[in-house]
Amino acid sequence: MDPIKYFDADVIVIGTSIASQTVIQQLKNSNLRILVLEGGDYELTKFGDSLTFSDERGHYINHHWGGHWSRVYGGASRIWNGFSAPLEKWDLVGIDGRPKWPISIDEIEKYYRISAPTMGEDPSVANLVKYDTAKMFVDRPYIIMDPPLSYSDPKLLTKNKNIELRVKHNVIRFTADDASTHINGIWYSVDGDVRFAGVKKNTRIVLGTGGLGNAQILLQPDPKRQVPVGNESGLVGKTLMGHPHVPTGEGFIDPSVVKKPTWAQVKYKKWLPAYIIGADYKTKLNLLNASISFTPAAVREISPNEQAVQEFYEKKWGKRLALFTLYGRTEQLPNPDNRIEIVSEKNAAGLHRLKTYCVFSAKDTMSIDTTARLLGEHLLRNKLGVTTIDNDSIFLKTWGWAHPSGVTRFGTDPKESVCDSYGRVWSYQNLYINGSSLFPTVGYANPTWTIAALGMRLGDHLLKEMKKVG
Ligand SMILES: Cc1cc2nc3c(=O)[nH]c(=O)nc-3n(C[C@H](O)[C@H](O)[C@H](O)COP(=O)(O)OP(=O)(O)OC[C@H]3O[C@@H](n4cnc5c(N)ncnc54)[C@H](O)[C@@H]3O)c2cc1C
């Protein structure tokens, strides 16, 4: 079918949450004409909500992935506040068979700094990417995005004359030229009415439709091609990862443990105290990256046994101890069996729905257990606290936080990745992705700050690229 019209823009950005807004932030003061396509409406609707249901298998179920993927202007940024932290060099270097990131920590650090204000934080917090790797425990707290990081006001975008926003435009899939070098069209739907628009060769497309959404579009079949446009690598949908999250136990802790860290000379606005194992030990012990955070325990009755333990150590160490809950967050190993696929049924916007498979591995949960044990020993040895380790919570009731990652991973080799180091889909000169779907490994840290950093980096890259074109 011939294109009936063109989306006439220099850059088409799809999605309006963090992955997209941070790219736009870097582009908006240029003279580039930016068209923003958003599948949701300005507020949540039943129609929008119906689009994110997947058949969920494994450990993340009960609308877990879909519940983290809002089809509305601003995306998931509208419905949460929470914690994030920068990744570290160790997360990116491909230790122990994990895929390597195609960019260095120095490059990301620069963008953590630039994007920190977007996350409501001081740029100095980016100093945390570097630490003394020989230390067994390093305090690497999370930043707290409170109030929520919300892009709910579309005027922040549309006050720029060069930006056009179209809501309720759900992108279904792309079409490509015969040479398979450029995206030349977009199938999309408005209130379920399916339409097509052409895309000019010099138009850059940025896909920011969420950790699952980016892959969903690249998995939609094209009746004229053997493989869907964008999945020439065959890797789209593979190595789905989230973050196992569990309470690891409790402890009577010296309040100095939860003080603001000073080693990185950071100026936190709000922070959640947490510790990770240093890089050298993680490598030696063959662990994944895991962190344990501390929050004051909810008020509850202390049993006589617990009271005896508290009093014993307070007397022995000559200091007051307070009851804290310890909470573990670990990285999940990239495993090709953990994946998303499309099913034959379509949603109301005309996209084939998703089936997700995602299961925690022994290493995922054991890394939390070992980290909790070593931290407990470290606190005891240094007269800083006495903790419990909750086996059931770690191994039997493991809980995950659906931060969908890995399903369009970026890398240096087109045979082993979907996108290049800037998130450009290898086969196409004009199709870019941003979001946690790029992450080849996820580290322990919740993903949003890294998404924001990569978004600003991509924005800067596009500015340079488009200047070259003139
Ligand atoms: C309850 C909850 C708690 C969370 N807690 C944390 C936390 O503590 N720390 C942290 O770092 N992260 C947290 N997250 C994750 C965080 O929300 C995501 O990392 C972040 O929102 C991802 O941004 P994104 O732009 O990639 O995708 P999304 O926020 O998912 O946005 C995707 C955008 O694309 C649009 N879209 C989707 N499909 C289409 C389509 N086909 N066509 C057109 N538009 C489309 C959507 O409407 C939306 O605007 C949490 C999420 C939730 C829901």
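Assorted remarks:
- Flag for residue 255 being in contact (Cβ under 8 Å) with a residue 24 or more places away in the chain, of a type outside the set (Asp, Glu) and either surrounded by fewer than 19 Cβ atoms within 10 Å (Cβ to Cβ) or closer than 30 Å to residue 296 by Cα (or both): yes
- Residue selection: residue 11 satisfies the criterion of being closer than 20 Å to residue 169 by Cβ, buried (at least 18 other Cβ atoms within 10 Å of the Cβ), over 20 Å from the mean Cα position of the chain (by Cα) and not basic (Lys, Arg).
- Residue selected from region 76-90 under the condition in a loop (DSSP other than H, G, I, E, B) and crowded, with 19+ Cβ neighbours inside 10 Å, by the criterion farthest from the ligand (Cβ to nearest atom): 88
- Cβ-Cβ under 7 Å pairs, at least 6 apart or on other chains, region 19-35 side closer than 10 Å to residue 162 by Cα, far side within 16 Å of the ligand (Cβ to nearest atom) and of a type in the set (D, E, K, R): 35/164
- Search result, residues across region 52-69 that are assigned to a loop (DSSP other than H, G, I, E, B) and of a type outside the set (Ser, Thr, Tyr): 53, 59, 61, 62, 63, 64, 65, 69
- Candidate set: region 27-46, residues that are among the small types (Gly, Ala, Ser) and under 18 Å from residue 69 (Cα atoms); chosen: the one surrounded by the most Cβ atoms within 10 Å (Cβ to Cβ): 39
- Taking region 158-240 as the region of interest, the strands (runs of 3 or more DSSP E) fully inside it that hold 3 or more residues being within 14 Å of the ligand (Cβ to nearest atom) are 169-176, 183-190, 193-199, 204-207.
- For residue 73: the one exception among (1) within 15 Å of residue 154 (Cα to Cα); (2) more than 10 Å from the ligand (Cβ to nearest atom); (3) under 19 Å from the mean Cα position of the chain (by Cα): (2)
- Residues that are among the polar types (S, T, N, Q) and over 12 Å from residue 183 (Cα atoms), drawn from region 418-435: 421, 434
- Within region 37-83, the set of residues being in contact with a Leu (Cβ under 9 Å, 6 or more places away or on another chain) and under 27 Å from residue 10 (Cβ atoms) comprises 37, 38, 39, 40, 71, 72, 73, 77.
- Region 185-242 - residue that is under 23 Å from residue 59 (Cα atoms) and small (Gly, Ala, Ser) and, of those, surrounded by the fewest Cβ atoms within 10 Å (Cβ to Cβ): 237
- Within region 447-470, being at pLDDT below 95 and in a loop (DSSP other than H, G, I, E, B) holds for one residue alone: 470.
- Restricting 370, 398 to residues that are more than 19 Å from residue 335 (Cα to Cα), in contact with a helix residue (DSSP H, G or I) (Cβ under 9 Å, 6 or more places away or on another chain), surrounded by fewer than 24 Cβ atoms within 10 Å (Cβ to Cβ) and not charged (D, E, K, R) narrows the list to 370.
The values are calculated or read from the model by the stated rules, or taken from the named source; none is laboratory data. Worth saying up front: this structure is predicted, and the values here are computed from it rather than measured. Virtual Cβ from ideal backbone geometry, glycine too; neighbours counted across all protein chains shown.
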